[in-house]
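Note sheet for the following structure.
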Amino acid sequence: MEEFISWRDDWRLGIQLLDEQHRLLADCINRLVQQCSCAEDVAEKDREEVRRRLGELLDELYGKAKQHFKNEEALMQERGYPGYASHLREHVMLLAELKSTFITKFEQGCCHMDPAVFKALKSWFIVHVIRSDREFADFIRKHDQR
Ligand SMILES: [Fe+2]
């Protein structure tokens with residue numbers, strides 16, 4: 001089965017810790033989507049188990065995103081990144097969106113998820129990783145060349 005988010009090498013920032021965490025986040029979203037897709041055929045009596053596993057994956061995704069943002073913020077502060085304040089605001093917003101939009105929708109939808117939610121979660125991930133973190137990676141690269 002093709003992965004929902006297939007990792008691309010040009011997404012790499014060249015900052016090992018952040019790259020590893022981004023891959024783990026993508027992997028977690030892939031498992032979540034897969035769990036939901038498999039769950040469509042599950043019998044009514046097994047729905048409780050599906051909900052439990054889905055809940056665990058959602059906790060994992062939230063925990064990993066939170067930890068990743070924390071590490072990223074620490075690194076930005078350490079390197080004196082001028083975009084720190086706005087990136088911090090973005091992280092707060094991204095976590096709130098993850099909780100209030102996606103986690104709520106997954107919990108409600110469970111085995112009957114609207115594909116639009118999967119798509120929106122994919123953009124949530126890609127916009128953050130590719131657009132936003134790239135600026136920080138460029139800053140680090142320029143800084144280290146001096
Ligand atoms: Fe990131």
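The values are calculated or read from the model by the stated rules, or taken from the named source; none is laboratory data. Keep in mind that this is a model prediction, so the values were computed, not measured. Cβ: placed from backbone, ideal geometry, glycine included. Neighbour counts: every protein chain shown. The protein model used for the area step is the full one, side chains on, heavy atoms only, and it has no ligands, DNA or RNA in it. Shrake-Rupley method; radii C 1.70, N 1.55, O 1.52, S 1.80 Å.
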*Quick one: compute the contact order of segment 16-145, relative version, from alpha carbon pairs under 8 angstrom and 6+ residues apart, as a percent.*
33 percent
*Which FRET efficiency value, to the nearest 0.05, is calculated for ARG31 and MET93 with the Förster distance at 25 angstrom and r the Cβ-Cβ distance?*
0.55
*Rounded to a whole number, what % of the accessible area of segment 16-145 do carbon and sulfur atoms account for, probe 1.4 Å?*
52 percent
*Using every pair of alpha-carbon atoms in segment 16-145, split the distances into 5 Å bins beginning at 0 and state the percent of pairs per bin, rounded to integers.*
2, 10, 20, 21, 16, 11, 8, 6, 4, 2, 1, 0, 0
*asked:* Here is the link list: LYS70/LYS105; LYS64/LYS142; LYS66/LYS142; LYS64/LYS122. Which ones come out longer than 22 Å on Cα distance?
replied: LYS70/LYS105; LYS64/LYS142; LYS66/LYS142
_Can you compute the helix-only [θ] at 222 nm over the chain? Use -39500 (n - 2.57) per DSSP H run of at least 4 residues, normalise by all residues, nearest 500 deg cm²/dmol._
-23000 deg cm²/dmol
*Per residue, what accessible area does the chain have, given a 1.4 Å probe and all protein chains present, in Å²?*
59 Å²
